Amino acid sequence: LAHIIRLKGLDLRGAAGEPADSLLGARSSAGKIFGATGGVMEAAVRTAYHLATGRELGRLELKEVRGLDGIKQASVKIAGTVLEVAVVSGLMNARRLVEDMAKGLRRYDFVEVMTCPGGCIAGGGQPHCTDPERVRARMAALYDIDRHAKLRCAHKNPEVQQLYRDFLGQPLGHKSHQLLHTSYAQRREGE
């Protein structure tokens, strides 16, 4: 950042101060558990349940998708529909799951894949560690943060609600889908 400021010739000493934007400064603990394998799934189920029923999920913890097992699965009933979900940790396990799905041995509505065994808490940017007990301790710390947080669901975040109200429209609507979803296309090298 300092390099860019110098490169552009900006003199911050003479710049007038102003309050910082608070957009997305408030965070739910749902985003904090993303670091552990299964955390993305758990957070998504919390909001999916609310979007489908208009109510909050009674039990926010989806323990079936927590832990260090390479492939975890759960069935979640939402508004009369059973949602089959899976969580994969590690690329070899992802390959196994995809192969089983291709053979028709497994069927899921939603699959979370974390390339690092245990999730991001054991991945790049973290102190390198393959000790399962240390990874479990990191997971436990995230789940403890979540358990004691006042704001545990992304859909209850007032700043996310404002973003949808003022700009994106409704969740899963055209504008939010267009701006927040990623699609992939096969390309040749160099394109």
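The values are calculated or read from the model by the stated rules, or taken from the named source; none is laboratory data. The shown structure was predicted, so the numbers you read here are calculated from the model rather than taken from an experiment. A quick note on method: Cβ atoms are made from the backbone with ideal geometry, for glycine too, and the neighbour counts reach across all protein chains shown. For accessibility, only protein heavy atoms count, side chains too; no ligands or nucleic acids. Shrake-Rupley method; radii C 1.70, N 1.55, O 1.52, S 1.80 Å.
Some notes on this structure:
- Output for segment 1-40, where each listed residue is on the phi > 0 side of the Ramachandran plot, surrounded by 10 or more Cβ atoms within 10 Å (Cβ to Cβ) and among the small types (Gly, Ala, Ser): 38
- Selected residue (only one of 51, 62, 68 is within 28 Å of residue 137 (Cβ to Cβ) and open to solvent by 20 Å² or more (accessible area, probe 1.4 Å)): 68
- Among residues of segment 11-31, those that are farther than 30 Å from residue 140 by Cβ and either in a loop (DSSP other than H, G, I, E, B) or not hydrophobic (A, V, I, L, M, F, W, C) (or both), counted: 12
- Condition met for residue 111 (touching a residue at least 24 places away in the same chain (Cβ under 8 Å), within 19 Å of the chain's Cα centre (by Cα) and crowded, with 19+ Cβ neighbours inside 10 Å): no
- Whichever residue in segment 159-182 is part of a helix (DSSP H, G or I) and among the polar types (S, T, N, Q) and, among such residues, is farthest from residue 53 (Cα to Cα): 178
- Restricting attention to segment 155-191, the residues that are hydroxyl-bearing (Ser, Thr, Tyr) and closer than 26 Å to residue 29 by Cβ total 3.
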